[in-house]
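K.L.:
One structure, pasted below without further comment.
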Amino acid sequence: MTSEASLARPRLYARVGETLRREIAGGRFADTEILPGERELSALLEVSRTTLRRAISDLVVEGVLYHRHGAGTFIRRALPRVDQPLSRLTGFTQDMRLRGFLASSRVLERGVFLPTPEEAMMLGVGLNEAIIRLSRLRLASDVPMAIEHAVIPQRYIPDPAMVGASLYDALEARNFRPVRALQRLRAMVLSEADAALLDVQPGSPTLYIQRIAYLLDGRCVEFTRSYYRADTYDFISEMTLSPSMRKGKS
Ligand code: 16G
């Protein structure tokens with residue numbers, strides 16, 4: 001190999017990588033998640049497969065592309081980024097709709113059970129009072145955002161099949177929509193199984209959120225434990241100085 005060739009080569013990888021990055025950003029492969037095969041791409045970009053492979057591996061290191069074992073090379077789409085105010089009592093479907101994302105769920109568990117002692121205590125029900133349990137992977141425009149484990153006393157939702165796309169819509173339809181809630185947030189590390197569901201690396205951080213929601217008469221209607229992806233959510237809270245601390249108060 002001449003020294004000229006060895007000098008020129010890295011520049012070619014970089015140029016091919018740059019072209020690919022530009023094409024992806026410009027929407028050339030917008031209708032697909034998977035990158036076209038090596039043969040097709042090397043013909044399209046008029047480079048050798050070796051050069052193409054090197055450019056692709058640089059884009060993998062950068063995070064523009066990723067390999068899925070046995071499935072090919074994929075384009076990492078921009079993640080939905082959600083600023084979620086902590087003061088509004090809304091549900092996931094409603095939140096996502098407001099932001100222009102399509103909310104969907106994968107049901108992980110759904111049925112009628114007896115509560116665990118913790119669930120009974122949180123919901124204020126007896127250990128013999130049935131609850132419905134609804135565990136869902138929540139997605140925004142097909143991107144997994146959170147895993148939610150909700151428990152609701154069965155007296156509010158007699159049959160879990162009554163819950164369609166939205167739990168809050170189902171509660172609303174029966175006049176049991178919560179009007180007040182308490183939330184506790186904590187940073188945690190995702191379990192391996194939950195990381196796989198959320199499509200993030202094992203050991204990734206998560207925002208663990210417990211919500212206890214109440215009806216107008218003070219009865220508890222929902223106890224939900226959720227694991228939110230740390231890379232897609234910002235929870236925002238508004239703070240005000242108490243009136244007694246304000247200068248120039250009249
Ligand atoms: C939100 C709530 C969750 C509630 C769900 C209802 C948080 C942390 N959690 O995800 O407690 O059960 O919305 O959503 O905000 P749905 O009406 O779409 O089923």
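The values are calculated or read from the model by the stated rules, or taken from the named source; none is laboratory data. Predicted, not measured: the structure shown is a model, and the values here were computed from it. Note: ideal-geometry Cβ built from the backbone for every residue, glycine included; neighbour counts use all protein chains shown. What goes into the accessible areas is simple: the full protein's heavy atoms, side chains included, and nothing from ligands, DNA or RNA. Shrake-Rupley method; radii C 1.70, N 1.55, O 1.52, S 1.80 Å.
K.L.:
Please find, within the stretch 201-220, the residue that is farthest from the ligand (Cβ to nearest atom) out of those that are in contact with a helix residue (DSSP H, G or I) (Cβ under 9 Å, 6 or more places away or on another chain) and among the β-branched types (Val, Ile, Thr).
P.N.:
THR206
K.L.:
Quick one: would you say TYR233 is within 12 Å of the ligand (Cβ to nearest atom), open to solvent by less than 40 Å² (accessible area, probe 1.4 Å) and modelled with pLDDT under 95? Walk me through it before giving the result.
P.N.:
Numbers: within 12 Å of the ligand (Cβ to nearest atom): yes; open to solvent by less than 40 Å² (accessible area, probe 1.4 Å): yes; modelled with pLDDT under 95: yes.
For TYR233, the condition - within 12 Å of the ligand (Cβ to nearest atom), open to solvent by less than 40 Å² (accessible area, probe 1.4 Å) and modelled with pLDDT under 95 - is met.
K.L.:
Let me ask something else. Just wondering, is there one or more residues in the stretch 75-83 that are at pLDDT below 95, more than 14 Å from the chain's Cα centre (by Cα) and not aromatic (Phe, Trp, Tyr)? Can you show your working first?
P.N.:
Filtering the stretch 75-83 down to residues at pLDDT below 95 leaves 75-83.
Going one step further and asking which of them are more than 14 Å from the chain's Cα centre (by Cα), we end up with 75-76.
Those still in the list that are not aromatic (Phe, Trp, Tyr) too: 75-76.
There is at least one residue in the stretch 75-83 that is at pLDDT below 95, more than 14 Å from the chain's Cα centre (by Cα) and not aromatic (Phe, Trp, Tyr).
K.L.:
Within the stretch 24-53, how many residues turn out to be more than 19 Å from ASP142 (Cα to Cα), of a type in the set (A, V, I, L, M, F, W, C) and part of a loop (DSSP other than H, G, I, E, B)?
P.N.:
1
K.L.:
If you don't mind, another one. Do you know which of the residues in the stretch 163-184 that are of a type in the set (A, V, I, L, M) and touching a residue at least 12 places away in the same chain (Cβ under 8 Å) is farthest from the ligand (Cβ to nearest atom)? Even if it seems obvious, please write down each step before you answer.
P.N.:
If we filter the stretch 163-184 for residues that are of a type in the set (A, V, I, L, M), which is where we start, we get 163, 165, 167, 170-171, 173, 179, 181-182.
This time we only want the ones that are touching a residue at least 12 places away in the same chain (Cβ under 8 Å), so: 163, 165, 167, 170-171, 179, 181-182.
Working: VAL163: 7, ALA165: 7, LEU167: 3, ALA170: 8, LEU171: 8, VAL179: 14, ALA181: 7, LEU182: 11 Å.
If we take residues in the stretch 163-184 being of a type in the set (A, V, I, L, M) and touching a residue at least 12 places away in the same chain (Cβ under 8 Å), then VAL179 is farthest from the ligand (Cβ to nearest atom).
K.L.:
Quick one: ALA195 ticks every box in (1) closer than 22 Å to ARG133 by Cα; (2) within 12 Å of the ligand (Cβ to nearest atom) except a single one, so which number is it?
P.N.:
(2)
K.L.:
Return yes or no: is ARG39 surrounded by fewer than 14 Cβ atoms within 10 Å (Cβ to Cβ) and of a type in the set (D, E, K, R)? Spell out the reasoning first.
P.N.:
On the way: surrounded by fewer than 14 Cβ atoms within 10 Å (Cβ to Cβ): yes; of a type in the set (D, E, K, R): yes.
Considered against the rule, which asks whether it is surrounded by fewer than 14 Cβ atoms within 10 Å (Cβ to Cβ) and of a type in the set (D, E, K, R), ARG39 comes out as yes.
K.L.:
Name the residue, out of ARG225, ARG219, ARG211, that is modelled with pLDDT of 95 or more and either more than 21 Å from VAL107 (Cα to Cα) or open to solvent by 70 Å² or more (accessible area, probe 1.4 Å) (or both).
P.N.:
ARG219
K.L.:
For the stretch 54-159, give me every one of the strands (runs of 3 or more DSSP E) that falls completely inside it and has 3 or more residues that are over 30 Å from THR240 (Cα atoms), within 16 Å of the ligand (Cβ to nearest atom) and without any contact (Cβ under 8 Å) to a residue 60 or more places away in the chain. Reasoning before the result, please.
P.N.:
Details: elements: 65-68, 72-75, 82-85, 103-113, 131-140, 143-153.
Passing ranges, in order: 103-113, 131-140.
K.L.:
Ok, one more. Among the candidates ARG97, ARG54, which residue alone is at pLDDT 90 or above and open to solvent by 70 Å² or more (accessible area, probe 1.4 Å)?
P.N.:
Working: ARG97 fails: at pLDDT 90 or above.
ARG54 is the lone residue from the list that is at pLDDT 90 or above and open to solvent by 70 Å² or more (accessible area, probe 1.4 Å).
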